[in-house]
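The values are calculated or read from the model by the stated rules, or taken from the named source; none is laboratory data. In this text, all values refer to a predicted model and were calculated from it rather than measured experimentally. Heads up, the Cβs are rebuilt from the backbone with ideal geometry, glycines too, and the neighbour counts pull from every protein chain shown.
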Ligand code: PLP
């Protein structure tokens with residue numbers, strides 16, 4: 001048992017207290033995006049009502065206030081991931097932009113013809129396509145480490161794929177489709193020993209697990225605010241300062257420059273070198289408040305409670321839905337379950353659940369190669385957050401039973 005009371009926490013989330021299709025909302029699509037507590041909604045609204053001005057540019061009071069709020073949020077993010085320096089936190093629009101930034105800037109600096117980039121079979125499209133684009137641009141090769149049927153990474157195969165050609169390894173901390181928590185420390189150690197730079201896609205881990213980039217000893221780590229109770233359109237990439245300093249900027253424009261002439265431009269210091277143009281100020285401020293909110297609940301409490309939900313839901317699904325097949329049975333899993341029932345198409349099951357007010361995700365979850373690996377078009381995915389309850393899981397089970405009666 002944990003000391004996290006979901007019924008108390010739910011009160012902080014206005015959106016959860018409504019009917020969808022005439023039934024109380026059960027929101028199990030947290031892997032796609034989490035809901036927002038009122039403090040975050042208020043922080044964004046208050047910023048626009050009282051403190052809005054552009055950042056880093058004005059001597060006037062409002063601009064300074066907005067800049068202080070913006071940089072204050074960066075300090076919160078630094079502590080959240082335990083970075084050494086504030087300037088190691090670069091704000092982006094989310095994980096996708098973080099990876100595109102990295103693929104461009106690391107690609108320009110470190111990747112040449114004949115080099116290899118290593119990913120895994122369970123990556124999200126965001127952690128596949130930018131690397132493919134980079135490989136095409138530079139004449140490099142993308143290597144893919146396989147997984148086992150139970151959804152765990154074949155760590156030996158991953159290590160065997162590391163060679164003198166492997167300049168970068170990029171892999172997820174937690175799989176958005178299988179729930180697998182990868183043994184990231186072991187993988188990072190292997191990469192470091194091989195002189196391979198490491199990027200971790202933390203889109204699905206940051207909302208559930210304590211992140212410590214110094215302890216992990218990775219070079220880059222990214223996540224999105226909207227999966228972490230923050231606003232959409234905001235996220236971060238953490239990068240080791242010495243590497244960020246060496247890498248060229250991703251985009252050109254205002255704010256990322258020191259001096260500009262028609263002949264030559266010199267670039268601003270970190271982190272501004274990577275933050276061209278007017279940033280998502282409200283998003284940054286909202287994310288800072290979301291981090292406070294999560295810290296207040298405690299990530300260890302969150303992890304413990306969500307694990308209880310995962311164990312309960314897995315047991316109930318297996319006991320009550322005989323035809324169920326769960327995809328992703330790794331020993332170490334985060335709080336989501338991907339499944340199919342008999343031959344029923346995931347969309348049919350998902351649409352019927354929606355009629356009962358139950359929101360789950362259906363489809364390939366932006367992991368088409370993973371779906372091909374299992375020979376399926378997609379799955380139904382229920383992903384849990386700390387504000388979900390066992391009572392809601394019971395509702396999903398009886399909803400699934402009703403859906404199956406209708407479909408058969
Ligand atoms: N990586 C993983 C593992 C994800 O689950 C997601 C989103 O679902 C992303 C990357 C992309 O995140 P965003 O769409 O917020 O950029």
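Some points to look at:
- Scope the range 68-103; condition on the phi > 0 side of the Ramachandran plot and within 16 Å of the ligand (Cβ to nearest atom); matching residues: 94
- Conditions (1) surrounded by fewer than 17 Cβ atoms within 10 Å (Cβ to Cβ); (2) without any contact (Cβ under 8 Å) to a residue 24 or more places away in the chain; (3) closer than 25 Å to residue 277 by Cβ; number of the one not met by residue 78: (1)
- Filter pass, residue 209 being touching a strand residue (DSSP E or B) at 6+ places or on another chain (Cβ under 8 Å), in a loop (DSSP other than H, G, I, E, B) and within 11 Å of the ligand (Cβ to nearest atom): no
- Boolean, residue 214 is part of a loop (DSSP other than H, G, I, E, B) and touching a residue at least 12 places away in the same chain (Cβ under 8 Å): no
- Close pairs (8 angstrom Cβ cut-off, 6 or more residues apart or separate chains): within 16 Å of residue 166 (Cα to Cα) in the range 97-116, surrounded by 19 or more Cβ atoms within 10 Å (Cβ to Cβ) and at pLDDT below 95 anywhere: none
- For the residues 239, 202, the requirement of being farther than 27 Å from residue 150 by Cα, touching a residue at least 40 places away in the same chain (Cβ under 8 Å) and buried (at least 24 other Cβ atoms within 10 Å of the Cβ) singles out 239.
- Identity of the residue in the range 136-153, free of Cβ contacts under 8 Å to residues at least 60 places away in the same chain and out of contact with any helix residue (DSSP H, G or I) (no Cβ under 9 Å at 6 or more places or on another chain), that ends up nearest to residue 189 (Cα to Cα): 148
- Every residue from the range 370-392 that is in contact with a helix residue (DSSP H, G or I) (Cβ under 8 Å, 6 or more places away or on another chain) and either within 23 Å of residue 132 (Cα to Cα) or assigned to a loop (DSSP other than H, G, I, E, B) (or both): 377, 378, 384, 385, 386, 387, 388, 389
- Qualifying residue in the range 153-169 (condition: under 21 Å from the mean Cα position of the chain (by Cα), away from the ligand (no atom under 16 Å from the Cβ) and in the same structural domain as residue 47 (by TED's automatic domain parsing)): yes
- Matching entry among 182, 217 (being within 16 Å of the ligand (Cβ to nearest atom), more than 21 Å from residue 108 (Cβ to Cβ) and at pLDDT 95 or above): 182
- Within the range 339-369, being buried (at least 19 other Cβ atoms within 10 Å of the Cβ), in contact with a helix residue (DSSP H, G or I) (Cβ under 8 Å, 6 or more places away or on another chain) and in a helix (DSSP H, G or I) holds for 349, 352, 353.
- When residue 196 is tested against (1) out of contact with any strand residue (DSSP E or B) (no Cβ under 6 Å at 6 or more places or on another chain); (2) surrounded by fewer than 24 Cβ atoms within 10 Å (Cβ to Cβ); (3) over 27 Å from residue 9 (Cβ atoms), exactly one condition is not met: (1).
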